[in-house]
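Here's the structure we're looking at; comments come further down.
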């Protein structure tokens, strides 16, 4: 079996803290939050008033206006981030390589915006007024489909839908596709645009969202006073390719992808398994795949949603897997600044992990004020930390009991 080395050569991002990878990273380093009072829905209808919205997004720089009209926002985010990533990687896709370039982009929910718009038309004006583009705009795989069309990538084209683990699962699946030789390059990550009335109502009804009225402090992973996650939106996209092609092209290598673990809790539709049992197995699996020991890991970009059970059980899982080394690890949740981007979270956090390795800097967990006795690791509170980083693990977990761990390594 082919077992090729896979590296990251391009990064693209559309997020609440910046609409490109560099701005995202600069804000994350500085501890700047993208969370504010929600504007995309009438907040007076909901018990929750804050969200992490993408701001000043103009897709027309990257997408023809006639094509924009045929894309839900989650697809627009993905296409723009993918084109940025390809530019960053200096990857030209043409007849010489198109069949060896794949796309694998995850999305948890899909086109909620177009769903609500078209349902309103159906109710008010009848079935004949529903757009013929309704289904192609709605389905979660259309981000991958449109990226393939827009960039001309003709290799494997796929979308992993595993709720909030979608982006991370897609990166792991894409990594394996390159590693085993299915393609030489792949455009991968996650995207989501869930800030709509129905999605916001659904999460509010679950009491999953923070009801903190102060946007600046609403997302507080691992803090004792956390009270729920803050919904976010955006996309994070990577270019993965073989080490051989990267060296041939003299591409900048941000990091190497070396490990992927993916497990199921077999426990509950929304709650994580007791003690983070499934998460622990995913982390162990990823380390085995990477052929690394627990002592090799310097930093974990945690799922860290700012909900009671997630943060507590993820902490327990880390202690189960890493033992004595858990106390020496740096663990932070950048969701304290970006909010929780659902299916896009793993993609954006992979971009952050790659930049952390490349810049030798660990991003902070902001709003960490009151320690929780049950969350007792080093969460890099409030201020970024300069430190040489060889290995980063990034965790993502999703409704349905999906657990994903990715391992990234400094290229040497």
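Let me make sure I get this right: for segment 260-407, a, b and c are the square roots of the gyration tensor eigenvalues over alpha carbons, sorted descending. Under 1.5 in a/c it's rounded, otherwise prolate if a/b > b/c, else oblate. Which is it?
On the way: a/c = 1.35, a/b = 1.18, b/c = 1.15.
In terms of gyration-tensor shape, rounded.
As a proxy for reagent exposure, ranking 188, 162 by other Cβ atoms within 10 Å from fewest up yields 162, 188.
I need the Kirkwood Rh of segment 70-173: take the reciprocal of the average 1/r across all distinct C-alpha pairs and report it in angstrom.
Hydrodynamic radius (Kirkwood, Cα pairs) of segment 70-173 is 14.6 Å.
For the listed peptides 369-376, 148-155, a ranking on the average number of other beta carbons within 10 Å per residue, highest first, reads 148-155, 369-376. Using only Cα positions of segment 7-248, each an equal point scatterer, no hydration layer, compute I(q)/I(0) via Debye at q = 0.15, 0.16, 0.18 Å⁻¹ and quote the log10 values to two decimals. Result of the Debye calculation: -1.04, -1.15, -1.35.
Taking all Cα-Cα distances within segment 242-307, those exceeding 19 Å account for 50%. Here segment 78-138 and segment 185-238 have alpha carbon centers that stand 21 Å from each other. Annotation: peptides 15-22, 262-269, 400-407, ranked by per-residue average of other Cβ atoms within 10 Å with the highest first, follow the order 400-407, 15-22, 262-269.
Taking the helices alone, the chain has a mean residue ellipticity at 222 nm of -10000 deg cm²/dmol, built from -39,500 (n - 2.57) per DSSP H run of at least 4 residues and averaged over all its residues. Looking at segment 7-248, the DSSP beta bridges with both ends there are about 65 percent antiparallel. Treat the chain as a sphere of radius equal to its Kirkwood radius over Cα pairs and apply Stokes-Einstein at 10 °C in a medium of 1.306 mPa s; give the translational diffusion coefficient in µm²/s, rounded to a whole number. Rounded, D is 77 µm²/s.
The distance separating the Cα centre of segment 241-302 from that of segment 1-45 comes to 19 Å. Quick note on segment 366-412: its Rg to Rh ratio, both from C-alpha atoms and Rh being the Kirkwood radius, is 1.05. With each label modelled as a point 7 angstrom along the Cα→C-beta vector, the residue 214-residue 32 pair spans 2.1 nm.
Quick note: the coordinates plus some simple rules give every number you see, no bench work behind them. Remember, it's a predicted structure, so these values are computed and weren't measured experimentally. Every residue, glycine as well, gets a Cβ built from its backbone with ideal geometry; the counts of neighbours run over all protein chains shown.
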